[in-house]
Amino acid sequence: MGQQPADVLRFDRVELRRWRVDDIETLDRVITESRDHLLPWMPFAATHDRKQGERFLAHAEEQWASGQEYHYAITSGGVVVGSCGLHRRIGPGGLDVGYWLHHAWTGKGLATMAAAALVQAGRELPGIDRVEIHHDEANSASGAVARRLGFTEVERVRVPEGPEAPGETGVHVRWRLRT
């Protein structure tokens, strides 16, 4: 059992590799090409530019070093198709799984495979007793990923500040999987 997950994770048809600061061209392209697809669910998509991408990659490196977040590029067949990560933002013993895909790569099971790789890696970290997926109730695709992986819906909570992105209702669904 390591203190951090591996830099590269594999599951079925996806390989997750740690984002690095020199990945800015790839990250910028994937977000820019998918802006319309991401806008309903990802607040960052509305303001994305190269500088924001550079800040994200620098933040990802800092968070990896601190052990707070582990950000990965999702690849399939050697092509970057999205992004995902494990986040220590739900309290002691817990990890939150996040993910998004380039619009051309949705509907192929890749988000489920990426989330499965993250769950597997999370189980190997010391002190982790649960992994969660959080999403807005209108984002049924994220709910489907959680269901396919055996997560249990544990609550729906109205977010006091309301929706963060245009496609959201402001009600967050929380799914949990015990490790």
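Of note:
- Placing +1 on each Lys and Arg Cβ and -1 on each Asp and Glu Cβ, with no other charges, gives region 122-172 a dipole about its Cα centre of roughly 240 debye.
- Lys/Arg +1, Asp/Glu -1 at C-beta; region 44-148 dipole; positive extreme among A114, I90, H134: A114
- Each listed q (0.14, 0.19 Å⁻¹) maps to a log10 I(q)/I(0) for region 1-92, found by the Debye formula over equal Cα scatterers with no solvent: -0.53, -0.96.
- The charge dipole of region 33-158, taken about its Cα centre with unit charges on the Cβ atoms of Lys, Arg (+1), Asp and Glu (-1) only, comes to about 160 debye.
- The alpha carbon centroids of region 108-159 and region 48-101 are separated by 15 Å.
- Here, P(r) means the percent of Cα pairs in each 5 Å bin from 0 to the largest distance; for the chain it is 1, 8, 17, 21, 22, 18, 9, 2, 0.
- Note on T106/V171: beta-carbon distance plugged into 1/(1 + (r/R0)^6) with R0 of 30 Å gives a FRET efficiency of 0.85.
- What the phi angles of region 164-173 give under the Karplus curve with 6.51, -1.76 and 1.60, with θ = phi - 60°, is a coupling list of 9, 9, x, x, 8, 9, x, 10, 8, 9 Hz, glycine and proline written as x.
- Å² per residue, accessible surface of region 2-47 at 1.4 Å: 58 Å²
The values are calculated or read from the model by the stated rules, or taken from the named source; none is laboratory data. Not measured: the values here are computed from a predicted model. Note that each Cβ is placed from the backbone with ideal geometry, even for glycine, and that neighbours are counted across all protein chains shown. Surface accessibility is based on the protein's heavy atoms, side chains included, excluding ligands, DNA and RNA. Shrake-Rupley method; radii C 1.70, N 1.55, O 1.52, S 1.80 Å.
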